[in-house]
Amino acid sequence: MGNMKLRLGMIGGGPGAFIGAIHRIAARMDDEYSLVCGVFSSDTDKSASMGSTLGLEKKRIYANYRQLIEGEALLSADERVQVISIVTPNHLHFEPAKLALENGFHVILDKPATFSLAEAIELKKICEKTGRLLCLTHTYTGYPMVKEARQLVLSGKLGEITKIYVEYPQGWLSRFEEGSGDNKQASWRTDPAKSGIAGAMGDIGTHAFNLVEYVSGLQVVKLCADVNTVVGGRQLDDDGAVLLKFSNGSSGVLMATQIASGEENNIKIRVYGQQGGLEWQQSDANTLKLMMADKPVQLLRTGGPYLSSFAGLNTRTPAGHPEGYLEAFANLYRNFAQTIKASLALQQPSPEQLDFPGIEEGVRGMAFIENVIRSGKSDQKWSSFSLEI
């Protein structure tokens, strides 16, 4: 069972969709999956062309997601797809995920989980009812040094957590890119009908929020948001900041903006406790800065023998060889595959294998979006972080 590849299907990820190619690279990196079927575009010719390029059998390149899921369900147990990866815009997440789970397939879902909090809550119920597994691709949790940061915090190394800062600055929407007509990414990500009620806060704010809760092990219980639309003519937010209160009484600040001209994708987190602090940023992803009170600053590095088993399992190369975004993405795919394989073998997955985001994180991410947008429109200073619709 250990060397068997899981049969993977993909919904979305056709020509011009950058994230689809990322998912396919991630799935291939550890030889845990074999792509056997897909529907890559609502345009059947484009979908057929992409499927052919990827070497799929013609009969397993489908016209739409319903045909894929229902068609695969009719195949024999040793032929049909086992895991379905959904890499469509947000408004096309819920229905295919629901249908896939109900037909017995495990699901890998791009973030944010759904179009609305109501859909995410419903999807959680479906996961529980069907017993199928769901992996949500919050990429940054896949980095070895992010995993190390979490282990240091949970071990008590920093003492009681007192302050957290997280920021995600991008600059690619500092101009009205969606007005050009040829920027597919800008067009759907700024369209309320496809993206949902949030722009930057949904697209990258959810990453920052997820990173905070993952590394700290704490949950946000209250927030106060300032949400802005800076570029004229834009329908959704492109900038914002959120004050956070955590379950242990500590506070934090989250910043997410897509109008910071010249910035790329340098998501960064700083966590401080009573005994010390740590800092990680994607531009130097192989380094974790550890700052203990009254001691010299330490730079912990990916691949070091002093790291936890969680960091070790998610490292592929010897120390000094850079690992980055693609490897982090692949770690989610690999951990998910190994968890599924363990369950197929009636074995208990290890804590390290189970270390991937799932539907719980999906629900909290959608709650973050709805609470932040509500707070941004309100004159009230603080509001409770609610999971209610």
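Could you check, for segment 265-284, whether at least one of its residues is without any contact (Cβ under 8 Å) to a residue 60 or more places away in the chain, exposed (fewer than 15 other Cβ atoms within 10 Å of the Cβ), more than 18 Å from the chain's Cα centre (by Cα) and farther than 30 Å from TRP172 by Cα? There is no residue in segment 265-284 that is without any contact (Cβ under 8 Å) to a residue 60 or more places away in the chain, exposed (fewer than 15 other Cβ atoms within 10 Å of the Cβ), more than 18 Å from the chain's Cα centre (by Cα) and farther than 30 Å from TRP172 by Cα. Selection of segment 127-179 for residues being assigned by TED's automatic domain parsing to the domain that holds SER216, free of Cβ contacts under 8 Å to residues at least 40 places away in the same chain and touching a Gly at 6+ places or on another chain (Cβ under 9 Å) yields only GLY156. Cβ-Cβ contacts under 7 Å between residues 6 or more apart (or on different chains), taken from a first residue in segment 90-109 that is under 15 Å from GLY358 (Cα atoms) and at pLDDT 95 or above to a second residue that is in a helix (DSSP H, G or I) and polar (S, T, N, Q), are listed as LEU101/THR130.
Residue by residue, here is whether (1) at negative phi; (2) touching a strand residue (DSSP E or B) at 6+ places or on another chain (Cβ under 8 Å); (3) surrounded by fewer than 20 Cβ atoms within 10 Å (Cβ to Cβ); (4) not in a loop (DSSP other than H, G, I, E, B) holds:
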site: GLY312; (1), (2), (3), (4): yes, no, yes, yes
site: ARG316; (1), (2), (3), (4): yes, no, yes, no
site: GLU323; (1), (2), (3), (4): yes, no, no, no
site: ALA330; (1), (2), (3), (4): yes, no, no, yes
site: PHE336; (1), (2), (3), (4): yes, yes, no, yes
site: LEU346; (1), (2), (3), (4): no, no, yes, no
site: PRO349; (1), (2), (3), (4): yes, no, yes, no
site: GLU352; (1), (2), (3), (4): yes, no, yes, no
site: PRO357; (1), (2), (3), (4): yes, yes, no, no
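Just one of the numbered conditions (1) part of a loop (DSSP other than H, G, I, E, B); (2) buried (at least 18 other Cβ atoms within 10 Å of the Cβ); (3) modelled with pLDDT under 95 is not true of LEU158: (3).
Just to verify a result, which residue in segment 166-181, among those that are surrounded by 18 or more Cβ atoms within 10 Å (Cβ to Cβ) and among the hydroxyl-bearing types (Ser, Thr, Tyr), is nearest to ASN210 (Cα to Cα)? The extreme case among them is TYR168.
Taking the stated definitions as given, is SER384 of a type in the set (Ser, Thr, Tyr), in contact with a strand residue (DSSP E or B) (Cβ under 9 Å, 6 or more places away or on another chain) and not assigned by TED's automatic domain parsing to the domain that holds VAL221? Here the answer is yes, as SER384 does meet what is asked.
When GLY249, GLY232 are screened for being surrounded by fewer than 17 Cβ atoms within 10 Å (Cβ to Cβ), without any contact (Cβ under 8 Å) to a residue 12 or more places away in the chain and more than 18 Å from the chain's Cα centre (by Cα), only GLY249 passes.
Per-residue answers, yes or no, for (1) acidic (Asp, Glu); (2) not in a loop (DSSP other than H, G, I, E, B):
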| residue | (1), (2) |
| --- | --- |
| PRO112 | no, no |
| GLU119 | yes, yes |
| GLU122 | yes, yes |
| LYS147 | no, yes |
| GLN151 | no, yes |
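The values are calculated or read from the model by the stated rules, or taken from the named source; none is laboratory data. Since the structure is predicted, the reported quantities are computational estimates derived from the model, not experimental observations. Positions of Cβ are generated from backbone atoms using ideal geometry, with glycine treated the same way; all protein chains shown enter the neighbour counts.
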